[in-house]
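Notes for the one structure printed next.
The values are calculated or read from the model by the stated rules, or taken from the named source; none is laboratory data. From a predicted model like this one, the values you see are computed outputs, not experimental measurements. All Cβ positions, glycine included, derive from the backbone under ideal geometry; neighbour counts span all protein chains shown.
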Amino acid sequence: MSDRWDVLIAGAGPAGVAAACAAARNGARVLLIEKDGRLGGLATGGLIGRFSGSASSAYYEQMQEICVRAWGRLLYDPEQAEALFMRMASEQQVTVMTQALAVGACVNEDGVIASVNIWTPERVRTETATAYVDATGDGALAALAGAPIESRPDIEAMLAVQLGGIDTRVDRCFDTDTFDALVPAVRDAAREGEIPDAIGSVWVDPTPRGGSGILKFTVRAYRVSEAEWLCRTAAAALISILKRGAPGFADCYPMRTAARVAAWPVRSVRGRRELTIADIEQGRSFPDWVVSRAAPDALPGGDETVQPFSVPYGCLLPKRIDNLLLAGRCVAAEWEARARCLTIPFALASGQAAGTAAALAAQIGGETRNVDTETLQDRLLDQGVACPRPQYIMDGFSSAEPFSPPVWRDEEEIPVIPEDAGISLRPEYNNIACDDDRGEAQEELWQEELRESAPIAAELPAYDAYPGSMDSGFEIEEWSVPETDAGTANETLRFLPEEEQDAPTVPARAADEKKPQTPSYRSETPVPNEREQRVSTRQDRAEERPGRMFSYSRAIPDPAPQRARSAPDTSVQDPL
């Protein structure tokens, strides 16, 4: 038996790697175990190949460095993703043990995991740690420890097969309509017994490399082993259907099949708090947030704007077990809500939160319930996580209402108004209310004084910007934090109309720097005051321009639209 670890993490997918790196970054001695022979889980061995949704995380930014924007999607190469995960773990000096599967857990009467039994090709090992993280995706470690779980009678599984020989010059070779047209052929093949009746959706995602794509299809089954068998026996027949009926796939051939299927939901761990579908659809924020600005993909064919949401710390804490944290697909959530969290950005963000919390818990004996959430949030903010919107703004907020962020950050910045003036500020500091007739004559004067004393905010603060979805309807410029006479300015973003996208970048300003009034790009007439041009509503920003990629720290260029064909230029087609 080895020395005691500070943090032991089961599962080395995106959530597990992020948790291990975050825990090590906060001073913990970390052991990361993985049942496969490679890091990355489904993001690498599962051949996922593209991002969907979004969430604020420093590790999501690192993964974007290997991504390319093509065919309207954010794509990456699984091989490069595996190399990135290995480099991340190596830089943080994480001890990695592959081909290691947790097969048992010793839990004392207080609900504390004392040790974990790990199967390896050589022998069964026993490892001990102060705090543990379950990032297995299926809640395997939580189930071994005796945490309450739920299961469903059926599961849905997906298998990915990388194809070569695709003629990407053909129009609509990766369009959804192309694969929708194959539905009758798939049904006929199922009736004739060529493929299982359980086959559901069939589609092909492009890859960053030219001439290849990733065939993905789903099945419904009662066990993971059954789903694996159905998927692998149906792959050859589905490739034949593609060759006969899909434009550009006449000469395609299989290059590589995923190491395992992606199956969900296998288990659901019951947490001290559980994320609900209402939390996601209403974009709720929580005072004890640990995952910030998470956003699933917009529903197919839906007109609703996807609102970012946060995840409270209680969703990372399973019931009955005191020194265990959940990450990735293991995060406690309702069934329908969990289906909206099956994204790589969400896994990276929840892994970073769980790893940071585990490192803090290890310093107090592994008591995860006693971790100070404010300290945890400060650590996450220091590590590049963006702060969600303030709670008092999110309560009762609906997307149909115009939104105005608070103007002042500190109490001493609020202008002082004499009590005898009969004027008071409302809580959101957006309007001035007169208490009686005495203030009516002075209202305009105080409004002008209030505008002049408030900081310039014609540019949107970075922590108040968030995506409506991956295609959120606005272009985001890269920002910096310049030094000024007044100190370090707030990080800022600018939302630019298309005709101004090539204009020089406007630097961030200090809080007390004066700025002349300029016309709003939404109107040909000048705005009457700076307050009215501070922030447009989320709905306005989404409707002004077609979708653009959201990036927390940089803008990834979107290739020029092509009306005659769906494939991008050769310069974008094979950038890796």
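Kindly provide the set of residues from the range 80-131 that are among the hydroxyl-bearing types (Ser, Thr, Tyr) and surrounded by 13 or more Cβ atoms within 10 Å (Cβ to Cβ), ordered by number.
95, 98, 115, 120, 126, 128, 130
Return only the number of the condition from (1) buried (at least 17 other Cβ atoms within 10 Å of the Cβ); (2) modelled with pLDDT under 95; (3) not in a helix (DSSP H, G or I) that residue 302 does not satisfy.
Status for residue 302: all satisfied but (1).
Go through (1) at pLDDT 90 or above; (2) of a type in the set (D, E, K, R); (3) within 26 Å of residue 36 (Cβ to Cβ) and name the single condition residue 209 misses.
Residue 209 satisfies every listed condition except (1).
Which one of the conditions (1) modelled with pLDDT under 95; (2) in the same structural domain as residue 48 (by TED's automatic domain parsing); (3) outside any helix (DSSP H, G or I); (4) among the aliphatic types (A, V, I, L, M) does residue 325 fail to meet, given that it meets all the rest?
Every condition holds for residue 325 apart from (1).
Do we find that residue 291 is at pLDDT 95 or above and either buried (at least 18 other Cβ atoms within 10 Å of the Cβ) or in the same structural domain as residue 139 (by TED's automatic domain parsing) (or both) in this structure?
On the way: at pLDDT 95 or above: yes; either buried (at least 18 other Cβ atoms within 10 Å of the Cβ) or in the same structural domain as residue 139 (by TED's automatic domain parsing) (or both): yes.
Yes.
Could you count how many residues in the range 220-231 are closer than 18 Å to residue 187 by Cα and assigned to a helix (DSSP H, G or I)?
Counting residues in the range 220-231 that are closer than 18 Å to residue 187 by Cα and assigned to a helix (DSSP H, G or I) gives 2.
In the range 92-104, what residues are without any contact (Cβ under 8 Å) to a residue 60 or more places away in the chain and either more than 31 Å from the chain's Cα centre (by Cα) or closer than 17 Å to residue 29 by Cα (or both)?
104
Going through the range 110-151 one residue at a time, which ones are assigned to a loop (DSSP other than H, G, I, E, B) and of a type in the set (Gly, Ala, Ser)? It would help to see each step written out before you state the result.
We begin by selecting, within the range 110-151, every residue assigned to a loop (DSSP other than H, G, I, E, B); these are 110-112, 120-123, 128, 135-139, 146-148, 151.
Result: 111, 135, 137, 139, 146, 147, 151.
Within the range 14-46, track down each residue that is among the acidic types (Asp, Glu) and either in a loop (DSSP other than H, G, I, E, B) or modelled with pLDDT under 95 (or both).
Within the range 14-46, just 36 meets the criteria.
I'd like to know if the range 160-172 contains one or more residues that are farther than 30 Å from residue 221 by Cβ, surrounded by 20 or more Cβ atoms within 10 Å (Cβ to Cβ) and outside the structural domain of residue 319 (by TED's automatic domain parsing).
Looking for residues that are farther than 30 Å from residue 221 by Cβ, surrounded by 20 or more Cβ atoms within 10 Å (Cβ to Cβ) and outside the structural domain of residue 319 (by TED's automatic domain parsing), one finds at least one in the range 160-172, hence yes.
Quick check, is residue 217 touching a Cys at 6+ places or on another chain (Cβ under 8 Å), surrounded by 20 or more Cβ atoms within 10 Å (Cβ to Cβ) and not assigned by TED's automatic domain parsing to the domain that holds residue 138?
Considered against the rule, which asks whether it is touching a Cys at 6+ places or on another chain (Cβ under 8 Å), surrounded by 20 or more Cβ atoms within 10 Å (Cβ to Cβ) and not assigned by TED's automatic domain parsing to the domain that holds residue 138, residue 217 comes out as yes.
So that you can scan it fast, the table gives a plain yes or no per residue for (1) in contact with a Ser or Thr (Cβ under 9 Å, 6 or more places away or on another chain); (2) of a type in the set (A, V, I, L, M):
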| site | (1), (2) |
| --- | --- |
| 53 | yes, no |
| 77 | yes, no |
| 83 | no, yes |
| 87 | no, no |
| 108 | no, no |
| 121 | no, no |
| 126 | yes, no |
| 141 | no, yes |
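With 45, 40, 49, 16 as the choices, which residue is surrounded by fewer than 22 Cβ atoms within 10 Å (Cβ to Cβ) and in contact with an Asp or Glu (Cβ under 8 Å, 6 or more places away or on another chain)?
One residue alone meets the criteria, 45.
Whether any residue in the range 85-96 is in the same structural domain as residue 321 (by TED's automatic domain parsing) and in a strand (DSSP E or B) is what I want to check.
Yes, because at least one residue in the range 85-96 is in the same structural domain as residue 321 (by TED's automatic domain parsing) and in a strand (DSSP E or B).
When both residues are 6+ apart or on different chains and their Cβ atoms are under 7 Å apart, which pairs have a first residue that lies in the range 239-253 and is closer than 17 Å to residue 216 by Cα, and a second that is at pLDDT 90 or above and aromatic (Phe, Trp, Tyr)?
Close Cβ pairs satisfying both conditions: 242/249; 243/249.
Which residues, counting only those in the range 1-13, are at pLDDT 95 or above, small (Gly, Ala, Ser) and either surrounded by fewer than 24 Cβ atoms within 10 Å (Cβ to Cβ) or not in a loop (DSSP other than H, G, I, E, B) (or both)? Reasoning before the result, please.
At the first step, the residues of the range 1-13 found to be at pLDDT 95 or above are 5-13.
Within this subset, residues satisfying the condition of being small (Gly, Ala, Ser) are 10-13.
Correct list: 10 only.
Take the conditions of a type in the set (A, V, I, L, M), buried (at least 21 other Cβ atoms within 10 Å of the Cβ), under 18 Å from residue 254 (Cα atoms) and under 29 Å from the mean Cα position of the chain (by Cα) and apply them to residue 227. Does it pass?
no
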